[in-house]
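Undergrad: My questions all concern the structure below.
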Amino acid sequence: MERSRSFENPVVELRPLNIDMQVELFNLFQSIAANPRMSLHLPWILRDMTSTEAVQGLIVSKQKKEAAGVEFARVILSNSEIAGVISYSLNEDNSKHAEIGYFLGPTYTGRGIAVTALKVITSGLISQNLQPVLNIEYNNIASQKVAIKAGFEYSGDCILHNSRYYQYFFRRLG
Ligand SMILES: CC(C)(COP(=O)(O)OP(=O)(O)OC[C@H]1O[C@@H](n2cnc3c(N)ncnc32)[C@H](O)[C@@H]1OP(=O)(O)O)[C@@H](O)C(=O)NCCC(=O)NCCS
């Protein structure tokens, strides 16, 4: 009973990416790369995150994007461990839209962590008068369920990177 309650409402902490996190993030990426079901939706991890130097480069690039005000990335901490990453970028064509992305390591799924992190990021965006948007691959059922639980609704299809995506807009605080 206690277990299921904490799974429904897990405690998560969001922190900016920091160089000190490179080894832990590299290990997280390795666990994702070793899991075909997850790396299917994260091809860039499989392709690019093959060394701690690559992870360091990613962290520096995210820090630069944040300083430029175009993308904001946070690690998701659960019980002081890096469970995943959530980020949003501001849409160049529509400055009111903030496109959110997220992922977890395979050992952290199934606990409601992504829903909680998404709700935290979403409420921050709403308070800045930004419209949170998710573009989710049509075959990514887990992410679509996360979106709906966090108060998003399907609003139509779009084609990105030559693939069909479902677009979800935020509708209500869950
Ligand atoms: C998306 C992601 C964060 C979800 O993690 P999570 O919140 O822990 O999700 P869960 O594993 O609990 O799955 C959510 C739901 O989808 C269901 N689900 C998971 N995989 C599924 C599949 N292949 N087919 C059907 N249902 C599936 C689960 O049973 C669960 O159902 P429930 O809510 O009814 O219990 C995680 O899967 C991930 O990091 N995926 C790779 C990256 C990614 O796709 N990011 C999203 C980009 S928009």
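Undergrad: Go through segment 138-154 and report how many residues are within 9 Å of the ligand (Cβ to nearest atom) and not in a helix (DSSP H, G or I).
TA: Count: 2.
Undergrad: Let me ask you something else. What are the pairs, 6+ residues apart or on separate chains, where a residue within segment 100-120 that is more than 22 Å from Phe170 (Cα to Cα) and modelled with pLDDT of 95 or more has its Cβ under 6 Å from a residue that is part of a helix (DSSP H, G or I) and near the ligand (Cβ under 6 Å from one of its atoms)?
TA: Pro106/Met38
Undergrad: Can you tell me which of (1) within 9 Å of the ligand (Cβ to nearest atom); (2) part of a strand (DSSP E or B); (3) more than 12 Å from the chain's Cα centre (by Cα) is the one Tyr102 doesn't meet?
TA: (3)
Undergrad: Does Ala33 meet the test of being within 16 Å of the ligand (Cβ to nearest atom) and touching a Phe, Trp or Tyr at 6+ places or on another chain (Cβ under 6 Å)?
TA: Here the answer is no, as Ala33 does not meet what is asked.
Undergrad: What number goes with the only condition from (1) in a helix (DSSP H, G or I); (2) buried (at least 17 other Cβ atoms within 10 Å of the Cβ) that Val23 does not pass?
TA: (2)
Undergrad: Moving on to the next point. Just to verify a result, which residue in segment 44-85, among those that are among the β-branched types (Val, Ile, Thr), touching a Leu at 6+ places or on another chain (Cβ under 7 Å) and at pLDDT 95 or above, is surrounded by the most Cβ atoms within 10 Å (Cβ to Cβ)?
TA: Ile76
Undergrad: Only one of (1) more than 15 Å from the chain's Cα centre (by Cα); (2) in contact (Cβ under 8 Å) with a residue 24 or more places away in the chain; (3) near the ligand (Cβ under 10 Å from one of its atoms) is not met by Lys96, so which one is it?
TA: (3)
Undergrad: Considering every residue within segment 68-77, establish whether at least one is farther than 24 Å from Glu24 by Cα, of a type in the set (Lys, Arg) and either in contact with a strand residue (DSSP E or B) (Cβ under 9 Å, 6 or more places away or on another chain) or within 14 Å of the ligand (Cβ to nearest atom) (or both).
TA: Looking through segment 68-77, none of the residues is farther than 24 Å from Glu24 by Cα, of a type in the set (Lys, Arg) and either in contact with a strand residue (DSSP E or B) (Cβ under 9 Å, 6 or more places away or on another chain) or within 14 Å of the ligand (Cβ to nearest atom) (or both).
Undergrad: Mind checking which residues of segment 78-93 are within 15 Å of the ligand (Cβ to nearest atom) and among the hydrophobic types (A, V, I, L, M, F, W, C)?
TA: Result: Ile82, Ala83, Val85, Ile86.
Undergrad: On to the next question. Which count do you get for residues in segment 105-137 that are within 11 Å of the ligand (Cβ to nearest atom) and touching a Phe, Trp or Tyr at 6+ places or on another chain (Cβ under 8 Å)? Explain how you work it out, then say what you get.
TA: To start, the set of residues in segment 105-137 that are within 11 Å of the ligand (Cβ to nearest atom) comprises 105-118, 133-137.
Filter once more, so that each one left must be touching a Phe, Trp or Tyr at 6+ places or on another chain (Cβ under 8 Å): 110-112, 114, 117-118, 133-137.
Adding up the residues that qualify gives 11.
Undergrad: Another question about this same structure. Taking segment 92-109, which residues are crowded, with 17+ Cβ neighbours inside 10 Å and of a type in the set (Val, Ile, Thr)?
TA: Selection gives Ile100, Thr109.
The values are calculated or read from the model by the stated rules, or taken from the named source; none is laboratory data. In this text the structure is predicted, and so the values were computed from the model without any measurement. With ideal geometry, Cβ positions are generated from the backbone for all residues, glycine too; neighbour counts draw on all protein chains shown.
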